[in-house]
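K.L.:
My questions will all concern the structure given below.
Only the coordinates and a few stated rules stand behind these numbers; no lab work does. Quick caveat, the model's predicted, so the values are computed rather than measured.
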Amino acid sequence: MAIAAVLVMAGLVVGLVLALGGGHGTTTGASPAPSGTTPTLTPSCCPTTAPPPRAPSFGFRVLKSNPVRGSSRTRINKVRGTTRRAVQNIRDDLGRMYRLAFLVPADWQHDRYGPAFQLFAGAARSTARAHTTLLTLGPDAGKRFSRVASASGTLKISLLLDRGGHPFTAVATADFRARAVRASGGATLVHSVGSYFLRPSKHGWLIFGFQVRREDHPAA
């Protein structure tokens with residue numbers, strides 16, 4: 001199943017494409033036990049309940065990171081540490097967004113994707129909320145799937161540096177795949193490919209633009 005891409009961008013981008021209780025009482029109508037005898041207690045049997053599904057472990061693997069200098073005077077070797085930290089933070093923030101959007105059962109079982117959309121900023125957040133089917137496991141995932149068995153993903157990240165060598169804009173291309181077990185039997189390979197335009201904030205790197213497509217299909 002292919003889902004059309006949505007592109008949202010804002011600002012300037014240059015060169016960057018998740019008891020049982022007991023008590024005492026009287027039972028009405030019950031015959032008292034004969035004097036001197038011990039009543040026989042019949043153990044009650046409680047139906048066993050399957051444990052709730054758990055989110056699979058997941059973390060993006062960064063295939064490539066590329067700093068783009070805002071000035072020819074910016075020396076890459078002097079900003080290598082800053083660039084490395086930015087790449088790690090972007091990887092972690094996008095990983096969190098995908099876990100909340102696709103993997104946390106308490107969220108996808110109840111169409112509760114608000115925490116995932118907190119990683120979007122401004123107009124991009126409003127647009128993301130309007131495209132839940134594209135950006136998450138889906139508003140009806142609780143009916144369609146019983147669990148998400150596994151997940152993996154890769155990232156390619158480009159960072160735009162200012163004249164001082166500090167990252168101020170980034171684009172991350174994400175390739176995410178998950179195996180979702182259908183409630184009716186069989187499985188679906190969830191496949192999301194997207195480019196996310198990000199800026200740093202006091203809350204981490206936030207998405208201010210995105211272009212995403214879905215290529216979900218039945219798993220072999």
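K.L.:
Can you tell me the length gained on complete extension of the stretch K64 to A149, counting 0.36 nm per residue apart and subtracting the Cα distance?
P.N.:
Details: separation 85, 0.36 × 85 = 30.60 nm, distance 2.70 nm.
Stretched fully, the K64-A149 segment lengthens by 27.9 nm.
K.L.:
Sticking with this one: Would you mind classifying region 53-218 by shape? Square roots of the alpha carbon gyration tensor eigenvalues, ordered a ≥ b ≥ c; an a/c under 1.5 is rounded, otherwise it is prolate if a/b is larger than b/c and oblate if not. All intermediate terms of the calculation are to be shown ahead of the outcome.
P.N.:
On the way: a/c = 2.67, a/b = 2.09, b/c = 1.28.
Prolate, because a/c is 1.5 or more and a/b exceeds b/c.
K.L.:
Roughly how far apart, in whole Å, are the Cα centres of region 135-183 and region 187-217?
P.N.:
5
K.L.:
Which value in Å is the Kirkwood Rh of region 86-142 over different Cα pairs? All intermediate terms of the calculation are to be shown ahead of the outcome.
P.N.:
Numbers: mean 1/r = 0.0874 Å⁻¹.
Evaluated on region 86-142, it is 11.4 Å.
K.L.:
Multiply the residue gap between H166 and A106 by 0.36 nm, knock off their C-alpha separation, and tell me the result in nm, one decimal place.
P.N.:
Values: separation 60, 0.36 × 60 = 21.60 nm, distance 3.76 nm.
Net length gain for the segment: 17.8 nm.
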